[in-house]
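Below: the structure, in structure tokens.
The values are calculated or read from the model by the stated rules, or taken from the named source; none is laboratory data. None of these values were measured; they are calculated from a predicted model. In this analysis, Cβ positions are derived from the backbone assuming ideal geometry, glycine residues included, and neighbour counts consider all displayed protein chains. Note: areas computed on protein heavy atoms with side chains; ligands, DNA, RNA excluded. Shrake-Rupley method; radii C 1.70, N 1.55, O 1.52, S 1.80 Å.
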Amino acid sequence: MSHSTQNETPDVFENLRLELRRGCLILAVLAALRTEQYGYTLRKVLAEHGMEIDEGTLYPLLRRLESQGLLKSQWREEDKRNKRFYRLSPEGKQILKQLLAEWQGIDSSLDEILKEPSHGTS
Amino acid sequence: MELLDRYLHAIKFWLPRAQQDDIVAELSEDIRSQLEEYETKVGRKLNDFDIASILKERGRPLVVANRYLPQQYLIGPVLFPVYRFVLAIVALCYLVPWLLVRFGLIVFDPSYRSVRSVLADVARAWPSFWTVAFFAIGAVTTVFAVLEKVQSKKKFLDDWDPLKLPPVRDPNRIPRLNSIIELAANFVFAVWWVTGAWSQIIFDRAGVRVVLTPAWRGFFWAFLALALGNIALASVNLRRRHWTLLNAGIRMVLDSAGAIAFCWLLKAHLVSEVISPQLSPAHAAEISNAINTYMAKSFPFAVMACVLIVALSGIPRLVRLRTGRTRLIQSLALL
């Protein structure tokens, strides 16, 4: 019984980790797009800051955020190649501000909960 | 870059027409940037194997394209458990009787017992079995797909009233109405049985008579005793409205005895003679033989139906009561 639990734990952790990161990724993408970037460089910037995201997730996410009016995009030539540049729209800036406040609220709530002595161990 | 073009073309096929070119252009740019970076890193031009390994990492074209599509499903997560439940019930109602009839034929019909006749019957029934199964599953799926469409637009499942939830049913409680119906039905049966079924001449109208063998009297008493037993049990249940091991055991015994008597009756060749002025004695004998034969032939089906009914109604109740009793004893032991 304990053997199977040990085997399942990495999967459980991985699933929970991905679930936790999913919401944070949107925040990270919006934050990174305060300066204009195209998909490939955006991915690299996020990876450099420890928020790795695969292209299969990033590009559909960018499209969704653009369709929601949070991003603006533009095709432009750079280094002799056409690239699509994204940047935060005014609505996106507003939403990012609200989301960051929400994020900080969650963070401080979690801190408060963690400061309380654990009920199970006392 | 031919390999990359092939990859992008395969992705494009699955994308929505209006966005195909835009998405493929952006993906193409992203992959080319990655390939260039990799070329710089290894210091040589990439061959097809290098490109293939990078494309493989990105995923199958259908999977990549799928990420750009809206989430689509025929039956969504809300209705899916209900759909699965209905499918299981349909399968049970269709498959179990089908198997039971074949099993009954093998057990009770000697002419069916050879492997050859079983295989011949299965081969005969096979196409119609699958046709009916296909249509049953298809019909259920279609109904649920339509419900899903309606639900996604009208959100009818969101409109519900907690006050209309059904009350929690105590499976060991005997509804008063059931006992009253059982009492009345058995009483009517017993009166009719005593007044109309005592004689061995079971039918006598317009000159036509159906005469039964003396064995009929045995069945007469057996069915009368069962009816009286059912009346007694229903009367007790009307006053004590909970199943206990005792009354559930008696219920099981009465039901089993009724089933055995009924199945036995079918095999007993009870019709002694059929008399009619319009029939020659030989023809009348043929008719009485035919009635006995058809009754005997229905024996396997009757056995299977009776086993199914008695097992489904009686056994779960007894098991439930027994486990409940064990739990009660265990809880008392803990006190």
Members of segment B:190-213 that are open to solvent by 70 Å² or more (accessible area, probe 1.4 Å) and aromatic (Phe, Trp, Tyr): B:Trp192, B:Trp198, B:Phe203
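Residue-wise test of (1) assigned to a loop (DSSP other than H, G, I, E, B); (2) in contact with a helix residue (DSSP H, G or I) (Cβ under 8 Å, 6 or more places away or on another chain); (3) more than 24 Å from B:Leu99 (Cα to Cα); (4) small (Gly, Ala, Ser).
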residue: B:Phe220; (1), (2), (3), (4): no, yes, yes, no
residue: B:Gln278; (1), (2), (3), (4): yes, no, yes, no
residue: B:Ala285; (1), (2), (3), (4): no, no, yes, yes
residue: B:Met295; (1), (2), (3), (4): no, yes, no, no
residue: B:Gly314; (1), (2), (3), (4): no, yes, no, yes
residue: B:Leu318; (1), (2), (3), (4): no, yes, yes, no
Residue in segment A:55-73 that is nearest to B:Glu57 (Cα to Cα), counting only those that are among the polar types (S, T, N, Q) and within 12 Å of chain B (Cβ to nearest Cβ): A:Thr57
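Going through B:Ala234, B:Ala248, B:Ala259 one at a time, which residue ends up being small (Gly, Ala, Ser) and either more than 27 Å from B:Gly324 (Cα to Cα) or outside any helix (DSSP H, G or I) (or both)? Full working, then the answer.
Details: B:Ala234 fails: either more than 27 Å from B:Gly324 (Cα to Cα) or outside any helix (DSSP H, G or I) (or both); B:Ala248 fails: either more than 27 Å from B:Gly324 (Cα to Cα) or outside any helix (DSSP H, G or I) (or both).
When all the criteria are applied, what remains is B:Ala259.
For every residue, the table says whether it meets (1) within 12 Å of another protein chain (Cβ to nearest Cβ); (2) more than 41 Å from the chain's Cα centre (by Cα).
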position	(1), (2)
B:Leu3	no, yes
B:Arg17	no, yes
B:Gln20	no, yes
B:Leu55	yes, yes
B:Pro81	no, no
Taking segment A:29-54 as the region of interest, how many residues are more than 10 Å from every other protein chain (Cβ to nearest Cβ), outside any helix (DSSP H, G or I) and either more than 22 Å from B:Ala25 (Cα to Cα) or open to solvent by 40 Å² or more (accessible area, probe 1.4 Å) (or both)? 7
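Among A:Lys72, A:Lys93, which is in contact with a Phe, Trp or Tyr (Cβ under 8 Å, 6 or more places away or on another chain), touching a residue at least 12 places away in the same chain (Cβ under 8 Å) and charged (D, E, K, R)?
Every option except A:Lys72 fails the conditions.
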As an exercise: evaluate B:Gly249 against (1) touching a helix residue (DSSP H, G or I) at 6+ places or on another chain (Cβ under 9 Å); (2) not assigned by TED's automatic domain parsing to the domain that holds B:Gly324 and give the number of the one condition it does not meet. (2)
Taking interchain pairs and intrachain pairs at least six residues apart, which have beta carbon atoms under 6 angstrom, with the first residue in segment B:66-79 and within 16 Å of B:Gln19 (Cβ to Cβ) and the second outside any loop (DSSP other than H, G, I, E, B) and at pLDDT 90 or above? B:Arg67/A:Pro60; B:Tyr68/A:Pro60; B:Tyr68/B:Ile23
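Can you say whether A:Arg76 is within 14 Å of another protein chain (Cβ to nearest Cβ), open to solvent by 50 Å² or more (accessible area, probe 1.4 Å) and either touching a Lys or Arg at 6+ places or on another chain (Cβ under 7 Å) or not charged (D, E, K, R) (or both), as far as the supplied structure shows? First the steps, then the outcome.
Working: within 14 Å of another protein chain (Cβ to nearest Cβ): yes; open to solvent by 50 Å² or more (accessible area, probe 1.4 Å): yes; either touching a Lys or Arg at 6+ places or on another chain (Cβ under 7 Å) or not charged (D, E, K, R) (or both): yes.
Judged against the criteria, A:Arg76 is a match.
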Which is in a loop (DSSP other than H, G, I, E, B) and either farther than 30 Å from B:Arg240 by Cβ or open to solvent by 80 Å² or more (accessible area, probe 1.4 Å) (or both), of B:Arg102, B:Arg116, B:Arg124, B:Arg169? B:Arg169
